[in-house]
Amino acid sequence: MSLEDKLNNLDLEKQEKPRAEIGLDGGEFTTGPLTEPIGEDWSPILKSFGLDPDVFEVEGDKVRMSKWQQSKRLENGDRDTVWMYSYKAIFKRRTEASISKDDFDALRASVERWKPIRKTLGTGLGEPASFVVHWADWQLGKSGVVDTVDRVYDSFEKTEKRIKELKKMGRNIEGLVISNMGDPTEGCDGNYSSQLFTVELTQREQLLLALDLWTTGIKTLAPLTDHTTFLSVLSNHGEWMRRGGKQVTSDSDSADGFLANTLERIFADTNHVDRWVIPHDEMSMQYDISGVPCAFTHGHTIKGKEVDWLRGQSIRLLRDYGVEPRLWFTAHKHHVKGEDMGPWWRWQCPSLDGGSKWYLDMAGVWSTPGTLTMLVGQHDKRFWSDMEVL
């Protein structure tokens, strides 16, 4: 006799009847008395309540069972003692398709047979990508300027080595993007207390030093690829202020913009840089790198929760550029950070400056100097790969 027949043939007049509480995602049922234990197959029970066993399943650790003896009258009039069973269980909607034992055994066997694919160097990545290097928060002129310049030289050497290394590994690098992520100079006053006391260079000297280093960096790196783009953002230390510590013109009155415009004039009659991306007064901007829309901002205008600010700016960029960014690049906070935020990845760039005593005294933390580099393109589902801090 099948389990369904046993359920239908039970004398339930004096026993608790089967019942169920059913919701969209599951519920609870009580079987009532059964003459045999259920075992591992709950399908008949689920079907008796109108539930599809392919859609719902019993949670194995949430089953309560009762077992007792009961006197039963036989067909010849005699009475016999039988065991009775009852179950109370919680069931839920299946979250994923089940897999048979045979399929599971085959899957385990495939794991045992798996071996890594031996790739030959020099075969490329297929889709091309661009090598992106972020020059962020050098703050030239700040105390320790000689050490900062040494770190900049070191980053140029390491960047050159990294590009050659990736090419040797077979990466399909179609171009170079150099991005000034802001604060190339320290400024002289108005950004934090005691700034005037710790500045080692005049404003003029800061600008000339930044221009010299940018020029050297481009001459070093541009010959390594077929195409080079120089991109700049606007930043807080680059704001040109008047007495009183406030910017009295517009956001376009900026050392970042001036240096980038001057650099463009220096390389005007050369083939070092193919494209210049220089904002007028935009604090957030977008540029397509190897087919990937990328957004850039220094980061000093971010207010409130960063994810909310980035979401709002992404909507604005979608309106302005017709496409939402897939990668966000920020700086300002001097330490490296990468976040998968769903619609986009956000990368925060580290700094090459000597650190901040004021921030160390305030927070007790510091950042490790470095330069953020990576490949950007459609060669990877994340739109970036081979990230390294140099």
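Below, the figures for the structure above:
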| item | result |
| --- | --- |
| Neighbours by Cβ (under 8 Å, 6+ apart or cross-chain): first from the range 157-183, at positive phi; second assigned to a helix (DSSP H, G or I) | 182/256 |
| Per-region count, the range 169-190, residues modelled with pLDDT of 95 or more and more than 30 Å from the chain's Cα centre (by Cα) | 0 |
| Flag if residue 304 is part of a helix (DSSP H, G or I) and surrounded by fewer than 19 Cβ atoms within 10 Å (Cβ to Cβ) | no |
| Residues of the range 222-238 that turn out to be assigned to a loop (DSSP other than H, G, I, E, B) and under 30 Å from residue 199 (Cβ atoms), as a count | 6 |
| Strands (runs of 3 or more DSSP E) contained in the range 54-141 and holding at least 1 residues under 30 Å from residue 334 (Cα atoms) and modelled with pLDDT of 75 or more | 129-135 |
| Only listed residue being out of contact with any strand residue (DSSP E or B) (no Cβ under 6 Å at 6 or more places or on another chain) and of a type in the set (Ser, Thr, Tyr), chosen from 297, 270 | 270 |
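Conditions tested, residue by residue: (1) charged (D, E, K, R); (2) at pLDDT 95 or above; (3) within 21 Å of residue 375 (Cβ to Cβ); (4) assigned to a helix (DSSP H, G or I).
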residue	(1), (2), (3), (4)
149	no, no, no, yes
192	no, no, no, no
197	no, no, no, yes
204	yes, no, no, yes
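The values are calculated or read from the model by the stated rules, or taken from the named source; none is laboratory data. In this text, all values refer to a predicted model and were calculated from it rather than measured experimentally. Because the Cβ atoms are built from the backbone with ideal geometry, glycine has one as well, and the counts that use them run over all protein chains shown.
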